[in-house]
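First up is the structure itself, then whatever we jot down about it.
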Amino acid sequence: MDITVDVGEYKLNVRAAVIINHNNKVLVHRNVNSDHYALIGGRVEIGEDSETTVKRELKEEIGKDIEITGYISTIENFFEMEGSKYHEILFVHKGEFIDEDDKKIEDTLKNVEGKDYLQYEWLDIDKIEQYPLLPEVIQKVLKEKSYPVHKINRDEK
């Protein structure tokens, strides 16, 4: 069961994500019906730590095994989506593929769960501000390259 709890007018959401950096590019995902990108990851399940969440999500979504190689950021993220207000705690880890052949991937990846609307792309970190990557504060984290860091992101209306 995902850690998402209704609290008053908000949904409290606990999420974990990973930054996989290859040739100064970061792997992100995008719903082709959406206008933005996001870090790969997902909601933390009750009783699950954030590192395990990231490993599970990558295996489920793209069929790849990763190892966690560091910690990047904790982001308190406030936003609205589909008429709901969210207060999200986002744990961002640094990771890399375990398989040597996977470390050479530079193409767009497909979702292996059959979610054809999801694709996984590499974005150039030097041009990261040109992409609609959410939460926006992650762009600063990627550019600053100073870890670990705590950030607060407010995209509420």
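If you plug the beta carbon distance of Phe78 and Asp99 into 1/(1 + (r/R0)^6) with R0 = 41 Å, you get a FRET efficiency near 0.65.
Would you tally the net charge around Lys55, using a Cβ to Cβ cut-off of less than 9 Å, leaving Lys55 out, and scoring K and R as +1, D and E as -1? Computed value for this residue: -2.
Annotation for Asn33 and Ile68: the two label points, set 7 Å from Cα along the Cα-Cβ direction, are 3.2 nm apart.
May I ask for the equivalent-ellipsoid semi-axes of the stretch 106-145, computed as the square root of five times each C-alpha gyration tensor eigenvalue and listed largest first in whole Å? Before the final figure, lay out each step's value.
Values: eigenvalues 115, 26, 13 Å².
So the three semi-axes of the stretch 106-145 are 24, 11, 8 Å.
Using the Cβ-Cβ distance between Met1 and Val149 with R0 set to 25 Å, the FRET efficiency from 1/(1 + (r/R0)^6) comes to roughly 0.25.
When each of the peptides 20-32, 108-120 is scored by the mean number of other C-beta atoms lying within 10 Å of its residues, the order from highest to lowest reads 20-32, 108-120.
How large is the Rg to Rh ratio of the chain when both quantities use alpha carbon positions and Rh follows Kirkwood? Kindly include the intermediate steps, with their values, before the conclusion.
On the way: Rg = 15.0 Å, Rh = 15.9 Å.
Rounded to two decimals, Rg/Rh equals 0.94.
Between Glu113 and Asp49, the FRET efficiency from the beta-carbon distance, with R0 = 22 Å, is close to 0.45.
Longer than 23 Å from Cα to Cα, which of Lys103/Lys145; Lys55/Lys94; Lys104/Lys151; Lys85/Lys127; Lys59/Lys140; Lys11/Lys143 are they? Say none if no pair is. It would help to have the intermediate numbers written out before the result.
Values: Lys103/Lys145 21 Å; Lys55/Lys94 11 Å; Lys104/Lys151 31 Å; Lys85/Lys127 30 Å; Lys59/Lys140 27 Å; Lys11/Lys143 30 Å.
Too far apart for the 23 Å limit: Lys104/Lys151; Lys85/Lys127; Lys59/Lys140; Lys11/Lys143.
Readers should treat all values here as calculations from the given coordinates under stated rules, not as data from a laboratory. All values derive from a computational prediction rather than experimental measurement. Neighbour counts run over all protein chains shown; Cβ positions are idealised from the backbone, glycine included.
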